[in-house]
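Before any comments, here is the structure.
The values are calculated or read from the model by the stated rules, or taken from the named source; none is laboratory data. The structure displayed is predicted, hence computed values, not measured ones. Counting neighbours? That spans all protein chains shown, and the Cβs are built from the backbone with ideal geometry, glycine included.
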Amino acid sequence: MKRNELEAFIMETYNAVADYPWRKSPNHEVFRHCSNRKWFALIMDVPKNKLGLQGEELLDVVNLKCDQILIGSLRGEPGFFSAYHMSKDNWITAALDGSASDDKIKMLLDMSYQATAPKVRKKKGCPARQTVLAVANGRNMRRRAPWILQCILQINGLSPNIRTELRSSLYTSGATTIHPVQN
């Protein structure tokens, strides 16, 4: 795969635009996620001797974030090198001269895109931020209260203030029914 083919593939597949962050290196382009601005591909031209090859001429390469387990086996394949100017534990460099297979570069590009994608954060507590209140309507609450209270606290992740308020209302009211109430 050549440099211009990879650039076109990235723009078409990942809807990313090239960014040129270094004035001194106008041929070095970064592709990043729009939302979190993390890099998933860095295309540049590097002297061959910087990659352990013979010669001084420039070679187009791409740096891709990669799973640490794959990096060791990929380095033994033609067209793949230890990451140039990046963490060698998490990134790999692939030559864009046809020595690395197109399918492998595309697979690694997709892995890099997924590895740098924004993480979906799990919200704490209930999505609607419900507060559980006790309603007094029975007699046997004193026996059930600890079990019900424990379940409520685990499920809803209530704040300490609400826990104290709930605990006192459960024990003093004699309630047997618990209703979620919107704040």
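Consider region 52-71 and keep the residues that are more than 20 Å from M1 (Cα to Cα) and of a type in the set (D, E, K, R). The one that is surrounded by the fewest Cβ atoms within 10 Å (Cβ to Cβ) is E56. Close contacts from region 86-101, counting a first residue that is closer than 15 Å to D45 by Cα and a second that is in a loop (DSSP other than H, G, I, E, B) and of a type in the set (D, E, K, R), with Cβ to Cβ under 9 Å and a gap of 6+ residues or different chains, come to L96/K2; D97/K2; G98/K2.
Looking at region 21-28, is at least one residue of a type in the set (F, W, Y), at pLDDT 90 or above and farther than 19 Å from L108 by Cα?
As a first pass, look at region 21-28 and keep what is of a type in the set (F, W, Y): 22.
With the extra rule that they be at pLDDT 90 or above, the set shrinks to none.
Checked against the condition, which is being of a type in the set (F, W, Y), at pLDDT 90 or above and farther than 19 Å from L108 by Cα, region 21-28 yields no hits at all.
The single residue among V30, V46 that is β-branched (V, I, T) and touching a Ser or Thr at 6+ places or on another chain (Cβ under 9 Å) turns out to be V46. In region 1-50, of all residues being loosely packed, with under 15 Cβ neighbours inside 10 Å and hydrophobic (A, V, I, L, M, F, W, C), the one that is farthest from G79 (Cα to Cα) corresponds to C34.
Per-residue answers, yes or no, for (1) acidic (D, E); (2) modelled with pLDDT of 85 or more; (3) within 18 Å of the chain's Cα centre (by Cα); (4) part of a loop (DSSP other than H, G, I, E, B):
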| site | (1), (2), (3), (4) |
| --- | --- |
| E77 | yes, yes, no, yes |
| H85 | no, no, no, yes |
| K88 | no, no, no, yes |
| A94 | no, yes, no, no |
| D97 | yes, yes, no, yes |
| A100 | no, yes, no, yes |
| Q114 | no, yes, yes, no |
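Scanning region 11-40 for residues that are of a type in the set (D, E, K, R) and touching a residue at least 12 places away in the same chain (Cβ under 8 Å), we see that the one that is farthest from K65 (Cα to Cα) is D19. When region 55-75 is examined, which residues are found to be polar (S, T, N, Q) and part of a helix (DSSP H, G or I)? Matches in region 55-75: Q68, S73. From the list S101, S112, S82, the one residue that fits, being of a type in the set (S, T, Y) and surrounded by 18 or more Cβ atoms within 10 Å (Cβ to Cβ), is S112. Note on region 1-54: residues that are touching a helix residue (DSSP H, G or I) at 6+ places or on another chain (Cβ under 6 Å), of a type outside the set (G, A, S) and part of a loop (DSSP other than H, G, I, E, B) total 1.
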